[in-house]
Structure formats: C-alpha cells, structure tokens
Amino acid sequence: MVLQAEGMSHRYGGHKKEAGATSGRDFSPGAGHMVLVSGASGYIGRRLIPELAGRGYPVRAMVVSAASAYEKIWPGIEVVQANALDYTRLKTALDGVDIAFYLIHPLHLRQRQHELTDRVAARNFAAAAGEAGVKRIIYLGGLGDVRCESGSPLYQRRMVEEELRQGSAAVTTLRVAVIIGSGSAC
C-alpha cells in the first residue's frame with residue numbers, strides 16, 4: 001500500500017525522505033514528540049487517536065465541546081477544549097506540540113459562513129502553531145482538479161491549505177476523495 005502526499009512518499013515497509021527534510025529530526029514514536037489531533041471528535045480524528053497512541057506517540061486531542069466527555073473515550077490521552085477561532089485557547093492547545101493534525105472542517109455552517117470560518121480557523125492555526133514551535137502540520141485536504149470553481153468544497157479545501165502554508169510550520173497535505181465508513185458524514 002502506498003500513501004502519497006504533496007512533498008512526501010511513504011511506502012509501508014520502506015521510507016522515502018521528504019525533499020528539504022532535516023536529517024536530524026526523528027519523528028518516530030519513541031522520540032517522544034507530542035502529536036495534537038485537532039478535530040479529534042470527527043470521523044477521522046476519533047479513529048486516528050487510538051492508532052497514534054497504540055504506536056507509542058504521546059497524543060493530545062483537541063475538541064470543541066467539553067473535554068471531560070472524551071477523557072472516558074480515550075483513557076490516558078490528554079484532551080483539551082479549544083476552538084481554532086479562539087486564538088488564546090488554540091495557542092494553549094498547541095503548546096509543546098511537535099506535530100499537529102489539522103482535521104477541522106465546519107460542516108454545519110452555510111456556504112459563505114463556511115468559507116470565512118474555514119479560512120480564519122486555518123489562519124489562526126498556522127499562526128498559533130508557529131508561535132508554539134510546531135514543526136509540522138498534517139492536513140487532510142481534498143483530491144480533485146486544482147482549477148476548481150470558487151465556492152466549491154474542493155476550492156475551500158485548497159484555500160485552507162494555502163492559509164496553513166502561510167505559517168512557519170512545514171505542511172504535509174494528504175489528499176483524499178470521499179471517506180465512507182460507519183459513522184462518517186457520507
């Protein structure tokens with residue numbers, strides 16, 4: 001199985017070094033690098049957290065609603081309540097984090113609100129990650145034609161990616177089409 005992302009190629013059982021990557025960085029589980037999963041209560045986040053923890057990564061889950069509800073779901077995982085639109089809480093959530101998964105996607109808003117909220121959230125995340133010294137943001141974007149029409153969901157995903165890239169942390173984008181499974185939005 002091959003995972004491909006912009007600027008990165010990883011083949012299970014082998015590893016290709018990312019262009020421009022610093023050879024001194026060890027992001028293996030035993031290295032103790034804190035991983036933040038934003039959007040932790042969503043479909044991907046809920047499944048990613050136990051995978052990362054099971055592989056030995058120290059994980060911090062970022063949720064918008066009360067953190068106490070999730071502490072029972074993920075025993076041993078640090079859960080923080082923060083919103084990417086609240087810069088102060090976001091900075092606190094990112095403090096001490098080396099790698100941050102950006103899985104934030106406000107599905108419940110109207111089209112225009114959605115686009116503005118997406119951009120502000122991504123801009124805040126990139127800036128707060130830079131201040132906190134986050135080394136890498138891993139973003140789950142959309143797969144499709146890059147020349148997509150303004151206002152389309154794929155266009156919004158591209159705008160979020162561009163906002164994240166304005167910060168100082170390196171960004172790895174994983175492009176997916178549709179994610180279908182038990183409990184997904186599809």
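The values are calculated or read from the model by the stated rules, or taken from the named source; none is laboratory data. The shown structure was predicted, so the numbers you read here are calculated from the model rather than taken from an experiment. Cβ atoms come from the backbone with ideal geometry, glycine included; neighbour counts cover every protein chain shown.
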Sort through 100, 127 and tell me the only one that's within 18 Å of residue 33 (Cβ to Cβ) and at pLDDT 95 or above.
-> 100
Taking residue 115 as the residue in question, decide whether it is surrounded by 17 or more Cβ atoms within 10 Å (Cβ to Cβ), at pLDDT below 75 and part of a helix (DSSP H, G or I).
-> yes
Could you please tell me which pairs satisfy a Cβ distance under 6 Å, a separation of 6+ or placement on different chains, a first residue in region 68-95 that is under 12 Å from residue 38 (Cα atoms), and a second residue that is small (Gly, Ala, Ser) and in a helix (DSSP H, G or I)?
-> 80/93; 82/93; 84/121; 90/128; 94/128; 94/129; 94/132
Just checking, how many residues over region 139-155 are among the aromatic types (Phe, Trp, Tyr) and at pLDDT below 85?
-> 1
Could you identify the single residue in 136, 158, 175 that is closer than 12 Å to residue 102 by Cα, of a type outside the set (A, V, I, L, M, F, W, C) and at pLDDT 80 or above?
-> 136
Which pairs do you get when a residue that is part of a helix (DSSP H, G or I), found in region 120-132, comes within reach of a residue that is surrounded by 24 or more Cβ atoms within 10 Å (Cβ to Cβ) and of a type outside the set (A, V, I, L, M, F, W, C), reach meaning Cβ atoms under 8 angstrom, with the pair 6+ apart or on two chains?
-> 122/102; 125/38; 125/102
